[in-house]
Every structure is written in C-alpha cells, then in structure tokens.
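Following: one structure in structure tokens, then a few remarks.
Every number in this text was worked out from the coordinates using simple rules, so none of it is lab data. Everything numeric in this text was worked out from a predicted model, so none of it was measured. As a convention, Cβ positions derive from the backbone with ideal geometry for all residues, glycine included, and neighbour counts pool all protein chains shown.
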Ligand SMILES: [Zn+2]
C-alpha cells in the first residue's frame, strides 16, 4: 500500500463537494479545489481546524465546476490568499460570465471570486515541497487540468479519473467533441507511472490499472450510444440539485430543466419537450428505486438522507 507523503492531506467530501487536497510546506499552504458553495463554511472549518493560526496562502482550481470552486469566495474573504485558475477560464472569471462559467447552465450556484494567476498544461508548481506538472484533461470539461507528481507517482485527477469512472462528458451534450478527448486523457494517464490517484470525488486509490480498465470500458460504452451520456448527465444534475436543496416539486424540477441550458440540452437529446414530464418522472423513479439517492412523495422529490 502506497501512502501519501506527509505534506499532503486529503479531505474526502460527499458528492456535492469535490475533495479538497491540502499541501503544506515551509513556504506556503496550498489547497487544490474548494468544494460547493453551500459547504463552504464546512470547508473553512476543516482548514481552520488543521491549520490553526497558519493562513491559507494559495488556492489552485483544477477546473471551475461549482463543486470544485464553490469555496473560493469564502476562503478568499477569510485569508488574503492567491488563487490560480485554468488559463482558459481567465476571461470568463474576470467578467464573471455565469453562462460561460457553467454555473447557470447546470442550474448550480457559485459565489463570485477573483484570481491572481493562471495555470496551463506544461507548467510546474511546487506544492507541499513536491514538484507537480500541470496536465491538460479535456473530456469532462474542456479546460480541466490535473496535477502529476512524478517523484511519488501521484496524480490529482479531478473528474478525469475516479476509482469507478469519471465525470459527465459535458461537451458532447452541446454538440462538441468530448469522448475522443476523454479517451486520450485516459491513454495519457496510462502512459505515466501513476501509483496513487487523488480523485475529485471518492477516496484516494492505488489500483490504478483496474480503475483505468473500468474507465476505458465506460468511455467505449458511452461512445457507442451518446444517449447514455445524456441520460447520465441529466440524472447526475438532478441528484446534485436535490443534494443541495433537499426537496423540490416536480413542476419546479421541470422548470429547472427548461431554464438550465445543459439540462435542457441533455433532455432534448432524450425526448421532445412535450414528453419531458414523463421523462423526468421515469428518471426520478429510477433514482428512487433500490434505495437510490432520491425519494418520491406525491408531487415532491426529495434527497434520501
Ligand atoms: Zn467537474
């Protein structure tokens, strides 16, 4: 069993928030990804408990999905920390263009934050007294990055590789390429000497070959029928919303799918607009079956606690 170097602490979070990876050395305290906005006070408390009087010096975001950067604003308000974001998102963050930033299109929320620098594939960062190479990881998100420490064979993979799969391939919902990019990212990971993965969600894992095998078969399965990706996307976004708000009426859920362009795109691939009420009811029933993440009570949909 390979263990983490002492300079790395992983806070494994629930599905609404990404994991937070804390890297500490004599120079600075850095945090990779900050969770979802409604969990920001919890993220702050975890850091304060661990750091004591020492301040957070740097936030690094792998990508700007709301569950990875939702704590940025509160952490920036607490400490005068620097913040590095993927270079391709710099203009959108400067202008706080919520449509381009995916928050509104997914029906999600993120408090406005700023940044002091950018990171791009090929760059090297020293975090936790270790050298990390920044790698591009398009597929799940066109601008997503990963961090690779060659010395210890550690990959901070964000949503490009989990122990069981990877994040929704969002570009494919909007007619853009994502499956080919995801395939290429998995092939790139397979070529590296990765011995331990710190994923964006779920516990760190060492059986990297088995995880890659599952991910390769999943991408092949999604590519064979893109409706599978659309159905998965809609389910993931519905569950995410319910984990946040806990409870919602069916008609509000339908309104959300109408309003959030990514949900609308996924639903449009699956059925004509007139059939969406039936589509959503069927989908929510599937998510409530077998002790799934949701419950249905008449017109109300609830997150199973
Ligand atoms: Zn993501």
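Points to keep in mind about this one:
- Calculated SAXS-style log₁₀ I(q)/I(0) at q = 0.11, 0.20 Å⁻¹ - the range 81-218, Debye, Cα scatterers: -0.42, -1.29
- The range 220-242 and the range 195-213 have Cα centres spaced 22 Å apart.
- Principal-axis tilt of helix 276-288 within the chain, Cα atoms, nearest 10 degrees: 60
- Efficiency of FRET between residue 259 and residue 183 - r from beta-carbon atoms, R0 35 angstrom, step 0.05: 0.60
- Taking N as its residue count, the alpha carbon Rg of the range 234-303 over 2.2 N^0.38 Å: 1.00
- Coordinate range along principal axes, alpha carbons of the range 151-305, Å, largest first: 54, 34, 24
- Of 209, 73, 160, the one that fluctuates the most in a GNM where the chain has Cα springs shorter than 10 Å: 209
- Most mobile of 68, 201, 143 in a GNM of the chain (Cα contacts under 10 Å): 143
- Of every Cα-Cα pair in the range 33-80, the percent that sits beyond 17 Å: 25
- Tilt relative to the chain, helix 179-191 - C-alpha long axis, 0 to 90 degrees, to 10: 30
- P(r) tail, the range 187-250: Cα-Cα pairs separated by more than 13 Å, 74% of all pairs.
- On Cα atoms only, tilt of 226-245 relative to the major axis of the chain in degrees: 80
- Across all Cα atoms of the chain, the radius of gyration (one decimal) and Dmax (whole number) stand at 19.0, 60 Å.
- When the Cα convex hull of the range 1-117 is projected onto planes of every orientation, the mean area is 7.8 nm².
- Of 149, 69, the sequence from fewest to most neighbouring Cβ atoms within 10 angstrom is 149, 69.
- Fluctuation leader among 199, 171, 138 - the chain, Gaussian network, Cα springs under 10 angstrom: 171
- Only helices enter the 222 nm calculation for the chain: every DSSP H run of n ≥ 4 contributes -39,500 (n - 2.57), and dividing by all residues gives -11000 deg cm²/dmol, rounded to 500.
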